[in-house]
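Structure first, then comments.
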Amino acid sequence: MIEDDLRTLLAGELDVAVYSRLFPIGMPESVMVQEIGGRSSTAGIRRNYRTISVMACSASRDAAGERMREARDILIRSIPADINGTHYYTAVPQADGSLWMKAERKYVAYVDIEVGCSI
């Protein structure tokens, strides 16, 4: 799964835990990768274009934003790459933002990235 592949790529570069699909209960300082959609292309070179959201959680809005930008830059810099038998061609940032999680009293900064990979 793309989430697991990109989590593996980020985990080796970041100084916090990196999760796939969900933050754990309590939302510790961490980064999470979640697939949120995508499309396939059958013209010419067959590729999947998956949209992922990279989220960073912190008690500080500035720290969450900085960690999200660091994770985004790592993905952009590291792709193209071969991970677990899948070739990843491109990583193109789409949009970013932040959320205030009232119940947990945490900030979550996120960026959506379209990742092109082999079918």
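Counting pairs of alpha carbon atoms under 8 Å apart in space and at least six apart in sequence, what relative contact order in percent does the range 1-90 give?
22 percent
Rank-order 106-114, 32-40, 76-84 by packing density, defined as the average count of other C-beta atoms within 10 Å over each peptide's residues, highest first.
Values: 106-114: 20.9, 32-40: 15.8, 76-84: 13.4.
Top of the packing list down: 106-114, 32-40, 76-84.
Between the helical axis of 61-78 and the dominant principal axis of the chain, each derived from Cα atoms, what acute angle in degrees is found, rounded to the nearest 10?
In the chain, helix 61-78 runs at an angle near 20 degrees to the longest axis.
Please give the contour-minus-distance gain from residue 69 to residue 102: 0.36 nm per residue of separation, less the Cα-Cα distance, rounded to one decimal in nm.
So the extension gain works out to 9.6 nm.
Could you work out the helix-only [θ] at 222 nm for the chain, with each DSSP H run of four or more residues adding -39,500 (n - 2.57) and the total divided by the number of residues, to the nearest 500 deg cm²/dmol?
Result for the chain, helices only: -7500 deg cm²/dmol.
Leaving out ligands, DNA and RNA, what percent of the accessible area of the chain is carbon and sulfur, probe 1.4 Å?
49 percent
Can you give me the solvent accessible area of residue 61 with a 1.4 Å probe, rounded to the nearest 10 Å²?
140 Å²
What figure in square angstrom, to the nearest 10, would you give for the accessible area of residue 15 with a 1.4 Å probe?
Answer for residue 15: close to 130 Å² accessible.
Between the helical axis of 2-11 and the dominant principal axis of the chain, each derived from Cα atoms, what acute angle in degrees is found, rounded to the nearest 10?
60 degrees
Along the positive direction of the dipole of the range 55-119 (beta-carbon charges: Lys, Arg +1; Asp, Glu -1; about the Cα centre), which of 92, 60, 113 reaches farthest?
It is 60, whose Cα lies furthest towards the positive end.
Calculate, for residue 84 and residue 14, the FRET efficiency according to 1/(1 + (r/R0)^6) with r their C-beta to C-beta distance and R0 22 Å; round to the nearest 0.05.
0.70
Can you tell me the accessible area per residue over the range 8-119, all protein chains present, probe 1.4 angstrom, in square angstrom?
Per residue, the range 8-119 has 54 Å² of solvent-accessible surface.
The values are calculated or read from the model by the stated rules, or taken from the named source; none is laboratory data. Since the structure is predicted, the reported quantities are computational estimates derived from the model, not experimental observations. Counting neighbours? That spans all protein chains shown, and the Cβs are built from the backbone with ideal geometry, glycine included. We work out accessible area using only protein heavy atoms, side chains counted, and drop any ligands, DNA or RNA first. Shrake-Rupley method; radii C 1.70, N 1.55, O 1.52, S 1.80 Å.
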